[in-house]
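What follows is one structure encoded as structure tokens, with my remarks underneath.
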Amino acid sequence: MRHVISALVMNEPGVLAQVANLFSARGFNIDSLVVGRTENPELSRMTVVLDADDNTLEQVRKQLAKLVPVVKVRDFSGTKYIERDLALVTVGVSAGNRSEVIEIVNLFRGKVVDVAKNSLVVELSGPEEKVEALTELLQPYRIKELARTGVIAMSRGTQTAKDEADEKAPQTGGKRKRSISAPSAAALPPS
């Protein structure tokens, strides 16, 4: 089963290597790993996509949470969240099929960001499935080059508010509580 995990980590050298080594040492296969800055310059967000059963996922979450530079781990399973993948695709075109390619790109709400005599560069962002569907449709036109960012994800607004309320709730038992997953929130219109 596909899982999307987000880890808020300290923005310091070697953290990416630590996380990658954790996965490698335990034989976990990463489908996508993206690291980027956050609103706080001291923190970065890592988004990891992996295909794993529930036991493996539980191991991953626990192992990530044990790493010193990891501040918070979040599994998006069972929650409302938004995910995006960005792709840049260079497609070979001729005068005869250029308009067909542009029409396909427009149907996917993509953008043509560069035009040359024999090629177009297309930009598309959306869920992973949308990017894969477009690349499949563009295959007959000869994809010359493809670059993807990998999946990034964030909780929807109602889910974020619920998580913040849960974190502010009084803790019991004197132990530190880690927020790894949260129950589903009310559904919102698709993005």
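A few points about this structure:
- Between region 24-95 and region 9-23, the alpha-carbon center distance in angstrom: 12 Å
- For Tyr81, nonlocal amide neighbours, meaning residues 5 or more places apart or on other chains whose placed amide H falls under 5 Å from its own, are Arg156.
FYI, it's all coordinate maths here, none of it is from the lab. Values in this document were obtained by computation on a predicted structure and should not be read as measured data.
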